1. In the range 38-59, what residues are more than 21 Å from Thr375 (Cα to Cα) and surrounded by 15 or more Cβ atoms within 10 Å (Cβ to Cβ)?
2. Return a yes/no flag: does the range 78-89 have any residue that is under 28 Å from Asn190 (Cβ atoms), away from the ligand (no atom under 16 Å from the Cβ) and at pLDDT below 95.
3. Tally up the residues in the range 142-168 that are aliphatic (A, V, I, L, M) and part of a helix (DSSP H, G or I), please.
4. Could you pull out the residue among Val305, Val347 that is under 24 Å from Pro51 (Cβ atoms) and not in a loop (DSSP other than H, G, I, E, B)?
5. May I ask you to list the residues in the range 35-50 that are touching a strand residue (DSSP E or B) at 6+ places or on another chain (Cβ under 9 Å), over 21 Å from His378 (Cβ atoms) and either of a type in the set (D, E, K, R) or within 16 Å of the ligand (Cβ to nearest atom) (or both)?
6. Tell me, please, whether a residue that is part of a loop (DSSP other than H, G, I, E, B) and free of Cβ contacts under 8 Å to residues at least 40 places away in the same chain can be found in the range 246-266.
7. Pull up the range 102-122, narrow it to residues that are of a type in the set (D, E, K, R) and within 16 Å of the ligand (Cβ to nearest atom), then point me to the one that is nearest to Ile142 (Cα to Cα).
8. Being more than 18 Å from the chain's Cα centre (by Cα) and crowded, with 17+ Cβ neighbours inside 10 Å is true for just one of Leu354, Leu399, Leu422. Which residue is that?
Amino acid sequence: MSRAPAPVVGGRPVAPFDPHRVRAEFPILSRRVRRGRPLVYLDNAATTQKPLAVIEALDRHWRTSNANVHRGVHLLSQESTTAMEAARGHVARFLGAADPREVVFVRGTTEAVNLVAHAWGRANLRPGDEILLTTMEHHSNIVPWQLVAAQTGAVVRAAPILDDGSLDREGFRRLLSPRTRLVGVAHVSNALGTVNPVRELAQEAHAVGALVLVDGAQAVSHLRVDVRALGVDFYAFSGHKVFGPTGIGALWGRKALLDAMPPWQGGGDMIRTVSFSGSTWADVPARFEAGTPAIAEAIGLGAAVEWLGGLPADAVAAHEADLLEHGTRLLEGVPGLRLVGTAPGKVSVLSFVLEGVHPHDVGTLLDLEGVAVRTGHHCAQPVMDRFGLPATARASLALYNVREDLDALVAALHKVRETFPL
Ligand code: PLP
């Protein structure tokens, strides 16, 4: 078998990456679906599949060490605590954080944004203050701010996007003002694949005194994230979108900011003292982790980011760029197909509409061919409104996808076109 030449990134060869070898680490990818067809999994923006490293970490924990954390003196509790805190360290390193205490385990991106909105927002927002978001935010970076705005009298604004799906930088600057207290922005749009210039946006936001929260849900599996280099204040992501378990994610926040924030949920583990005359709070991150955490899932998340960190990042990025280019070229050859979101430098997401066929019908017909894509508004209704669409079909890529997956997608789309001729 001939070996593919080492990819070249920025003029230099990088360690090779073999997606076929990586696929073998994902048992689900060898499943057969619909009348024995091989599974073509292109719904990675919704959730990613799990490698053996993660499956085995969960299995090992439950088989050997399962116990509640932090409060036990017995061996299993100590092992569970050690493993969970090691996972916090892995996540901190994965994000380039200065200190593992800046990493709060949460259920996912949604809970991370709610945490900041409620803990920071309720304590700091006053009537007339503004939260500046973008039109391409996922509902989970919109609705929590609307809830807190209703409670505090703050106002939510949304920066516009351009026809190709990139952020309208001028529009963003026009809305930024000394009234802006926080800018909330997706690192990568789940509906369009747009990569936002987070570092520059953070500089502009900080110049008017605003904090910056980044929704990294779609970024962490595609981009190398370094929260300090990005210069942001909060960064949120979900474990299940980065090859880890559901029910776990992380909020990274600058230590000084987290230290100054009151708790948002009360219960066990988040207190220093409790009496009926009043209670005092634990230090961060425990202050924001009330109740028994998702222990095995946190350990699984640690395993996921360690596994990802062990892959050659430049070669993975080159592979994903090749997939995106290959997919784009093929999709453009399907009669009546229009891509939605063509911003330069975009990653992973191929959102499209097929003239004369409702996206849900497209999704159902693709499923019959074994091709899993998502259809709908992708929890980004303002994006759909911006483009005057009720829904799109979305194929989203992960590092274990191969060109053959896109070939299968496009072959199935040609069949749909034959069924619904123009
Ligand atoms: N933000 C973006 C950009 C997303 O794509 C998603 C999920 O699709 C979320 C936030 C919410 O993530 P979760 O449901 O894991 O909390």
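1. Passing the criteria: Lys50, Pro51, Ala53, Val54, Ile55, Ala57, Leu58.
2. no
3. Number satisfying all stated conditions: 5.
4. Val305
5. Selection gives Arg37 alone.
6. Taking every residue of the range 246-266 in turn, at least one turns out to be part of a loop (DSSP other than H, G, I, E, B) and free of Cβ contacts under 8 Å to residues at least 40 places away in the same chain.
7. Residue satisfying both the conditions and the ranking: Glu111.
8. On inspection, the qualifying residue turns out to be Leu354.
The values are calculated or read from the model by the stated rules, or taken from the named source; none is laboratory data. Values in this document were obtained by computation on a predicted structure and should not be read as measured data. Glycine also receives a Cβ, built like all others from the backbone with ideal geometry; neighbour counts cover every protein chain displayed.
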